[in-house]
Amino acid sequence: DGPIGIRFGEKVTQWPAGIAMGATFNEQLIFELAQALGEEARSQNKRLLLGPTVNNVRTPWGGRSFESFGEDPYLIGRLTSAYIKGVQSKGVGTAVKHFAANNQEWRRATVDVQMSERALREIYLPAFEEAVQAGSVAVMAAYNKVNGLYCSEHDHLLNQILKKEWGFQGFVVSEWS
């Protein structure tokens, strides 16, 4: 696990929180940090990193907001691409998360996020599309529902957008539990 470092390992680095990384606006720095994270993952015999977290920070009550790169879809997408390319350049895969519209902790496993297609595409999906273009090997589905369907069984999100429209060839993992 770990968009900000390897959670289970020996003598691992605690990297800056994603929100601090995002505050740098520096793609090259994020790429270099991600390369170092990829090297550390390999040294710990890890082959898949559960990150980066690319959900938009939309509420101050988001318990996982610190993992994300911020609230701007364009910035999040650019830093996501740099992060994925850096980690994966070291032979470690990334599982970009949490697909999609996962922005709160309260009832995060059951909340039904209601939104228009325009909001979904303009705010919540750009960083995931950048992740696919950057070559992320995996996408982690979110716990929540979007417009009545759980993300892990959402045909529109997983099949129509992720696989058909964006051409994602990797694998989708469910959120834990």
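The values are calculated or read from the model by the stated rules, or taken from the named source; none is laboratory data. Predicted, not measured: the structure shown is a model, and the values here were computed from it. FYI the Cβ positions are ideal-geometry reconstructions off the backbone, even for glycines, and counts take in every protein chain you see. SASA here: full protein model, heavy atoms, side chains in, ligands and nucleic acids out. Shrake-Rupley method; radii C 1.70, N 1.55, O 1.52, S 1.80 Å.
Rolling a 1.4 Å probe over the protein heavy atoms gives the chain an accessible area of 48 Å² per residue. In terms of overall dimensions, region 1-79 has a Cα radius of gyration and Dmax of 12.5, 36 angstrom. 3J(HN,Hα) along region 97-107, derived from phi through the Karplus expression 6.51 cos²θ - 1.76 cosθ + 1.60 where θ = phi - 60°, amounts to 9, 10, 7, 8, 6, 9, 10, 8, 8, 4, 6 Hz, with x in place of Gly and Pro. Divide the volume of the convex hull around the Cα atoms of region 39-99 by the residue count and you get 77 Å³ per residue. How many percent of Cα pairs in region 107-155 exceed 19 Å? Cα-Cα pairs of region 107-155 separated by over 19 Å account for 30 percent. Say a paramagnetic label sat at a point 7 Å from the Cα of Ser116, along Cα to Cβ; which residues of region 136-171 have their backbone N under 17 Å from it? Once the point is set 7 Å along Cα→Cβ of Ser116, 147 turn out to lie under 17 Å by backbone N, inside region 136-171.
Expressed as a whole percentage, what fraction of the accessible surface of the chain belongs to carbon and sulfur atoms when a 1.4 Å probe is rolled over the protein heavy atoms? Whole-percent figure for carbon plus sulfur exposure: 52. Placing unit charges on each Cβ (+1 for Lys and Arg, -1 for Asp and Glu) gives the chain a dipole about its Cα centre, and among Pro126, Val137, Tyr83 the Cα reaching farthest toward its positive end belongs to Val137. With a simple spin-label model that places each label point 7 Å from the Cα along the Cα-to-Cβ direction, the separation between Leu48 and Lys164 comes to 2.6 nm.
What the phi angles of region 25-40 give under the Karplus curve with 6.51, -1.76 and 1.60, with θ = phi - 60°, is a coupling list of 6, 10, 4, 5, 4, 5, 4, 5, 4, 5, 4, 5, 5, x, 4, 5 Hz, glycine and proline written as x. Panel values: region 1-139, Kirkwood radius from alpha carbon pairs, Stokes-Einstein at 20 °C and 1.002 mPa s, translational diffusion coefficient 145 µm²/s.
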